[in-house]
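This report concerns only the one structure given below.
Nothing in this text is a laboratory measurement; each read-out follows from the coordinates by a stated rule. This structure is a prediction, so every number in the text was calculated from the model and none was measured. With ideal geometry, Cβ positions are generated from the backbone for all residues, glycine too; neighbour counts draw on all protein chains shown.
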Amino acid sequence: MRLTVWDPFRDAAALQRTMNSLFRDFSVRSGACYPPVELVDKGDSLLVKAEISGVNKDEIELTVLGKTLTIAGEKKLPAEEGVNYIRHERPHGKFRRLVNMPYSVENDKISASYKDGILTITLPKAEEAKPRQITVE
């Protein structure tokens with residue numbers, strides 16, 4: 001008969017992995033990362049593309065505070081009488097997505113456009129965030 005020493009930390013780590021897996025699966029299924037975004041460094045600016053099809057552009061709320069961009073709105077289900085969904089996987093309801101930017105931006109020069117369900121936000125970098133060429137003397 002072999003005796004093993006009980007290691008509470010090993011058991012706690014296994015429980016932590018199980019809980020992380022459970023919450024990761026829940027967040028993917030519940031649309032917790034909605035809308036999906038891309039953040040691209042374009043040199044002098046940052047480009048954020050968010051996929052939010054089915055949302056009226058007048059109902060999209062964009063705010064920038066420090067280095068955080070907030071995209072908020074509501075994706076509404078069409079009002080259809082007598083519809084009996086067998087499967088309904090497209091996310092709907094209110095959403096709020098925070099995008100942490102690696103650089104400071106010039107708030108007064110931000111622009112946004114919305115076409116074919118893609119929201120494109122251009123955030124010009126602040127002067128202190130732009131690379132500078134330094135001359136060695």
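For an R0 of 35 angstrom, estimate the FRET efficiency from the Cβ-Cβ distance between Asn56 and Gln16 and round to the nearest 0.05.
0.25
Work out how much length Asn100 to His88 would gain on full extension: take 0.36 nm times their residue separation and subtract the Cα-Cα distance, in nm to one decimal.
Contour length minus the Cα-Cα distance gives 1.3 nm.
In debye, nearest 20, what is the charge dipole magnitude of the stretch 36-129 about its Cα centre with +1 on Lys and Arg Cβ and -1 on Asp and Glu Cβ, if you could check?
With only Lys, Arg, Asp and Glu charged at Cβ, the dipole is about 240 debye.
Which translational diffusion coefficient, to the nearest whole µm²/s, is obtained for the stretch 95-136 from the Stokes-Einstein equation, given a Kirkwood hydrodynamic radius over C-alpha pairs, 25 °C and 0.890 mPa s?
Using the Kirkwood radius from Cα pairs, D works out to 194 µm²/s.
Just tell me the longest site-free run in the chain, where the sites are chymotrypsin sites (Phe, Trp or Tyr not before Pro) in a DSSP loop having at most 15 other beta-carbon atoms within 10 Å.
In the chain, the maximal stretch lacking such sites is 7-84.
What translational diffusion coefficient, in µm²/s and rounded to a whole number, does the Stokes-Einstein relation yield for the stretch 2-137 at 25 °C and a viscosity of 0.890 mPa s, taking the hydrodynamic radius as the Kirkwood radius over Cα pairs?
The estimated diffusion coefficient comes to 132 µm²/s.
For Thr4 and Thr70, compute 0.36 nm times the residue count separating them, minus their Cα-Cα distance, and round to one decimal in nm.
Additional length available on full extension: 18.6 nm.
Do the alpha carbons of any pairs in Lys94/Lys130; Lys76/Lys115; Lys49/Lys76 sit beyond 24 Å of each other, and which pairs?
Check vs 24 Å cut-off fails for Lys94/Lys130.
For Tyr103, what charge total do you get from the other residues with a beta carbon under 14 Å from its beta carbon, if Lys and Arg give +1 and Asp and Glu give -1?
Summing Lys and Arg as +1 and Asp and Glu as -1 gives +1.
If each of Lys115 and Thr63 carries a label point 7 Å out from its Cα toward its Cβ, how far apart are those two points in nm?
That separation, rounded to one decimal, is 2.9 nm.
What is the distance in Å between the Cα centroid of the stretch 109-137 and that of the stretch 41-100?
Using only Cα atoms, the two centres lie 21 Å from each other.
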